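These notes are about the structure you will find just below.
The numbers here are math on the coordinates, done by the rules we state, and not lab data. Computed from a prediction, not measured in an experiment: that's the story for all the values here. Note: ideal-geometry Cβ built from the backbone for every residue, glycine included; neighbour counts use all protein chains shown.
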Amino acid sequence: MANLSDRYAYALFRLALESGKMQEWHDQVGPFALRYLKQEGGLKILTHPLISSAEKNAFVDKVFTGHVNEHIIGFLKLAIAKNREAFIYRTLTKLFNRIKLELGIIRAKVISAVKLTPEQEDILTKKLSQRFGKQVLLYVVVDPARIAGMSIQVDGYYLDRTAKTLLRNMKERII
């Protein structure tokens with residue numbers, strides 16, 4: 001099964017590469033297509049066994065036309081025609097990750113005790129981009145249980161500067 005998703009993702013990636021619109025594909029697949037499929041329930045509609053192919057195609061036309069390019073829409077309709085709707089999300093996720101890799105984009109997860117201001121997010125993005133030599137997309141999660149500080153996960157790197165961790169480190173040094 002994973003092999004089929006890989007082949008679909010590779011074919012779509014080649015189309016994105018050949019079209020020279022890699023950034024456009026990135027902006028369409030991640031923020032719109034994947035988010036809509038997962039968070040807005042689009043995937044449930046496309047994989048529902050009692051919804052006909054014609055209704056699924058109409059849904060794809062209604063929701064995705066004007067938001068994603070015709071190749072992605074073509075892939076969605078092909079998956080519907082071949083009863084391979086279960087591969088859609090996995091394929092688009094693999095495509096999105098491959099495009100990010102090609103563009104040199106990495107994702108950073110920041111868990112903070114308080115909401116960061118836009119200025120703080122910009123500074124953090126710039127610092128992380130300099131550190132890793134890649135474009136960084138921040139994903140910020142607010143967790144009041146942290147009390148103070150933040151932790152950052154990016155590209156296999158983990159930095160924890162929360163109050164809890166700093167106090168624990170101080171305790172270990174004292175002992």
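Scanning the chain for DSSP H helices at least 15 Å long along the axis (C-alpha atoms) with a Kyte-Doolittle mean no lower than 0.0 picks out 2-19, 70-81, 88-103.
Multiplying the residue separation of Ala86 and Glu18 by 0.36 nm and subtracting their alpha-carbon distance yields 21.8 nm.
Dipole size of the chain about its Cα centre, with +1 on Lys/Arg Cβ and -1 on Asp/Glu Cβ: approximately 600 debye, rounded to the nearest 20. Between Ala145 and Lys115, the distance separating the two model label sites (each 7 Å from Cα on the Cα→Cβ line) works out to 2.1 nm.
Would you kindly state how much longer the chain becomes between Asn69 and Ser53 on full extension, computed as 0.36 nm times their sequence separation minus their alpha carbon distance, in nm to one decimal?
Working: separation 16, 0.36 × 16 = 5.76 nm, distance 2.05 nm.
Extending this stretch completely gives an extra 3.7 nm.
Hey, of (1) 24, 21, 17; (2) 32, 17, 17; (3) 39, 19, 15, which did the structure itself give for semi-axes √(5λ) of the Cα gyration tensor in Å when calculated? Computed from the coordinates, semi-axes √(5λ) of the Cα gyration tensor in Å corresponds to (3).
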